Structure formats: structure tokens, C-alpha cells
1. Show me, bin by bin at 10 Å from 0, the whole-percent P(r) of segment 65-197 based on Cα pairs.
2. Looking only at Cα atoms, what is the convex hull volume of segment 199-276 per residue, in Å³?
3. Give me the percent of accessible area attributable to carbon and sulfur for segment 58-145, probe 1.4 angstrom.
4. Rounded, prolate or oblate: which one fits segment 221-260, using the alpha carbon gyration tensor with axes a ≥ b ≥ c (rounded when a/c is under 1.5, else prolate when a/b beats b/c, else oblate)?
5. Roughly how many Å² is the accessible area per residue of segment 47-190, as a whole number, for a 1.4 Å probe?
6. Let's test this: bin the Cα-Cα distances of the chain at 5 Å from zero up to the farthest pair and state each bin's percent.
7. Could you tell me the center-to-center distance, by alpha carbons, between segment 106-185 and segment 14-38 in angstrom?
8. Restricting to Cα atoms and excluding each atom paired with itself, what does the Kirkwood estimate give for segment 139-276 in Å?
Amino acid sequence: MSLADDIFIANMTDILENGVADIDLQVRPKWSDGTPAHTIKKFGIVNRYDLSKEFPILTIRKTYLRSAIDELLWIWQKKSNNVKDLHSHIWDQWADENGSIGKAYGYQLGVKHKYKEGEFDQVDRALYDLKNNPASRRIMTNIYTFADLHEMNLYPCAYSMTFNVSGDTLNGILNQRSNDMLTANNWNVTQYAILLIMFAQVSGLKAGELVHVIADAHIYDRHIPIVKEIIQAERFPAPVLEVDKSITNFYDFTVDSFKLVDYKCNTKKYSIPVAE
């Protein structure tokens with residue numbers, strides 16, 4: 001069965017059974033009716049996904065991989081902060097009248113910085129080092145820019161990637177300050193697994209481990225019944241991810257460059273409220 005299912009069920013069970021609730025604290029997020037959106041959480045969850053063994057997508061709940069990849073490319077390829085460049089509407093609630101989410105996410109990745117080798121943005125610098133300095137321990141990105149936080153409509157949740165080459169294998173660490181486990185956990189896992197696979201392929205490397213570090217892993221109060229149902233759902237074997245192997249340039253990848261083979265999953269659609 002899917003390792004992603006194993007990890008997700010273990011995380012959710014641990015939070016439900018051993019998590020700490022913030023019911024007595026004032027919280028920023030609210031539900032659409034104005035009610036405070038409280039959570040139960042665990043601090044410091046670390047999950048490891050070996051991409052050489054299987055693609056880490058849930059089967060107990062469907063993850064819409066094409067939409068997840070589209071969002072990833074919006075941030076990492078287009079380096080955009082405008083929802084008009086995105087095919088879905090999942091960011092609309094954080095956009096202003098012009099579609100901008102401020103100096104957040106893709107904006108930060110697109111800012112150029114000076115190095116002795118020339119000017120690079122964060123994405124191109126990481127790609128340059130993977131090809132030219134694979135032994136470097138400095139291959140990383142970080143979009144949590146304190147000087148620009150006041151101009152971000154949403155502070156970055158998944159904010160940093162560290163890339164590390166071991167032999168012919170590329171591994172990565174995704175750091176996330178906060179994770180709404182029901183809404184976004186596997187969404188983020190599949191996205192950054194795809195990113196690692198793309199970076200590895202264009203650098204002549206194999207994709208290895210994705211390590212996901214979550215500071216605040218939480219379940220919202222109104223999500224608890226849904227979580228309890230999902231972790232009891234029927235499970236299926238992990239699907240196979242097929243990637244267009246002809247691509248050697250990161251910017252040539254599209255949503256159509258990836259295909260899931262034999263993705264069997266729980267197809268029930270859940271009405272999941274999102275706290276703002």
C-alpha cells in the first residue's frame with residue numbers, strides 16, 4: 001500500500017490522540033461566519049519520502065496532481081505573484097483587485113541577486129549550482145523575506161528548500177512553518193516531490209529523498225470529523241509517476257509532462273471549509 005497513506009494516517013492519528021488544542025488562545029484565522037478557527041496540533045513533525053521507491057500521493061483521499069503541479073509551476077517557473085497567471089482560483093481570496101498577492105511566493109523566487117558568477121534569481125542559482133557545484137552545501141532557496149512581509153498578502157507556509165547531492169542522487173528538505181494537514185499536507189508533498197524530480201532530471205541526477213519538516217502541523221476543529229472518516233477509507237497501492245524524460249531544461253516542463261499510471265483512490269468529494 002501507499003507509504004504516503006501510512007505517513008498521513010500516522011500523523012493524523014498522532015495529532016488527534018496527542019495533539020495540543022489552542023481553544024483557550026486568541027487565534028488569527030476565522031471561519032467564513034466569523035467564528036475563530038481553532039486547531040489541535042503537533043510541533044516538529046518530520047516525514048521522509050523516498051522518491052526512488054514510489055511517488056508519495058494519497059490513495060485514501062484523491063489529490064488533484066495536475067492542479068498541484070500547475071500551482072508549483074506558477075510559483076517556481078513563472079515566479080508569479082498574480083493569480084491571473086494561475087489556472088485555478090485557490091489563491092483568489094488573498095489577491096487584491098489587480099490579482100496580486102503582494103511580494104510573496106513567486107515574487108521572491110524571481111528577485112535577482114548578485115554573485116561572483118553573475119546575477120541569478122533563487123531558482124536559477126540552485127539549478128546552476130546543481131550542475132556546476134554539486135558538492136556545495138549551500139544550494140537552497142528561502143522566500144520568507146522579513147523585509148517584505150508587510151507587503152505580502154499571505155506569509156509563506158512552505159518557505160525553504162535545501163538541495164543536497166549524494167553521489168548521483170538529489171535529496172531535498174522542505175521546511176514549512178505551518179501546515180493545514182487536511183487541506184494542504186499531501187498537496188505540498190506531491191508538489192515538492194515533483195520539484196525534486198524536475199531539478200534532478202535537468203541536472204543529470206536521480207531523485208532521492210524528500211524530507212518534509214513541519215513546525216506546526218495542525219487539524220482545524222471543523223476538519224476533525226472529516227479526518228476521522230478519511231483515515232478509515234479504503235487504501236490502494238501507490239500509482240506510478242511517468243515523466244517526460246526528453247526534457248533537459250527546467251522551464252520546458254508543463255503540467256502535461258507528468259502522468260499518473262494506475263491511480264486508484266477514494267473518490268469521495270468532501271466539503272472542506274477553509275479558514276482565512
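1. P(r) over segment 65-197, rounded to whole percents: 12, 42, 36, 10, 1.
2. Hull volume over Cα atoms, normalised by residue count, gives 182 Å³.
3. After summing per-atom areas, the C and S share lands at 48 percent.
4. Oblate, since a/c reaches 1.5 and b/c is not below a/b.
5. Accessible surface, normalised per residue, equals 47 Å².
6. Spelled out bin by bin, the chain gives 1, 5, 12, 16, 19, 18, 14, 9, 5, 2, 0 percent.
7. 30
8. Here the Kirkwood hydrodynamic radius works out to 17.3 Å.
The values are calculated or read from the model by the stated rules, or taken from the named source; none is laboratory data. Quick caveat, the model's predicted, so the values are computed rather than measured. Please note that ligands, DNA and RNA were not included when accessible areas were found on the heavy atoms of the full protein model with its side chains. Shrake-Rupley method; radii C 1.70, N 1.55, O 1.52, S 1.80 Å.
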